[in-house]
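Report on the structure given below.
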Amino acid sequence: MKQYGLIGYPLTHSFSAKYFTEKFKTENIEDHVYELFELKNLDNFPDLLRANTKLCGLNVTVPHKIGVVRYMDWISDEAKEVGAVNCIRISAESPVLAAFSGEVGIQDHDFKLEGFNTDVYGFEHSLKPLLHHHHKRALLLGNGGAARAVKCVLDKLEIPYQLVTRKRERDSMLYSELTKKMMEDHTLIINTTPLGTSPNIHECPPIPYEYITEHHLLYDLIYNPEQTLFLKQGHERGAATKNGFEMLVLQAEKSWEIWKSNEVVQ
């Protein structure tokens, strides 16, 4: 039995659990299970590993993407750049857990923990097909953890961006400071905030939507609902729109690719 799962808190619903459970079933991948591990305190992470010695890989969601980095024996270049890990490959011989080898639960098992950030891959490959020559500058709405992978991708694609936040931060501007000129110059607008997520479907980032045109591309990391109010207002003004569902699928498939390569080695 090979065990995979998701850590985070709270885990009231999970795209990953549904996706991988269906994937294992439809592709006849036997002896593989995907489970939810609700972890309120990251200090309990080593205990979780000791108690689940069949674990081969984990996805990581809020609020642990940043904190879990300290447990990694190795992290990818993209995870280093973003400063966050959302995919862990587990194999043998981990110095991180070696100190726990005498405690009940770990027995003779040691682990090597390798950290990746597949959000970068997912966002980049869902965004690139939509870009045109006039998408030269971006407005990045929100500056929380979800914005980290987006920043990495925009830097990689050499698309300069302006942060827009509710409260003044370094290098950011306020929503109230957005002008018609700013909207005209920044034709790629990316929402990384949770505004508009179900059940709060009547919320949206407070940008001046009246200045959106058919030259704009609005990308929302939210996937539930399928069309947020943010995307709906862009669509009504002729803009191209995209939600975060494909990004989730791509990052999940990238996680599976990473885990599967470990299975081949083993």
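General observations
- Considering the range 21-65, the residues that are open to solvent by 70 Å² or more (accessible area, probe 1.4 Å), among the aliphatic types (A, V, I, L, M) and farther than 17 Å from Asp110 by Cα include one that is farthest from the chain's Cα centre (by Cα), namely Leu36.
- Residue count for the range 126-150 satisfying the condition of being in a helix (DSSP H, G or I) and either open to solvent by 80 Å² or more (accessible area, probe 1.4 Å) or without any contact (Cβ under 8 Å) to a residue 60 or more places away in the chain (or both): 4.
- Any chance Val68 is touching a residue at least 24 places away in the same chain (Cβ under 8 Å), in contact with a helix residue (DSSP H, G or I) (Cβ under 6 Å, 6 or more places away or on another chain) and open to solvent by less than 30 Å² (accessible area, probe 1.4 Å): no
- In this structure, Lys112 qualifies as assigned by the TED database to the domain that holds Val85 and either over 20 Å from Ile222 (Cβ atoms) or open to solvent by less than 60 Å² (accessible area, probe 1.4 Å) (or both).
- Only one of the numbered conditions (1) assigned to a loop (DSSP other than H, G, I, E, B); (2) crowded, with 23+ Cβ neighbours inside 10 Å is not met by Phe123, and that is (1).
- Enumeration of residues in the range 160-205 that are at pLDDT below 95 and touching a Pro at 6+ places or on another chain (Cβ under 7 Å): Ser198
- Members of the range 85-104 found to be at pLDDT 95 or above and either on the phi > 0 side of the Ramachandran plot or hydrophobic (A, V, I, L, M, F, W, C) (or both), listed by number: Val85, Cys87, Ile88, Ile90
The values are calculated or read from the model by the stated rules, or taken from the named source; none is laboratory data. These numbers were taken from a predicted model, which means no experiment stands behind them. When we count neighbours, we look across all protein chains shown, and the Cβ atoms used for this are built from the backbone with ideal geometry, even at glycine. The protein model used for the area step is the full one, side chains on, heavy atoms only, and it has no ligands, DNA or RNA in it. Shrake-Rupley method; radii C 1.70, N 1.55, O 1.52, S 1.80 Å.
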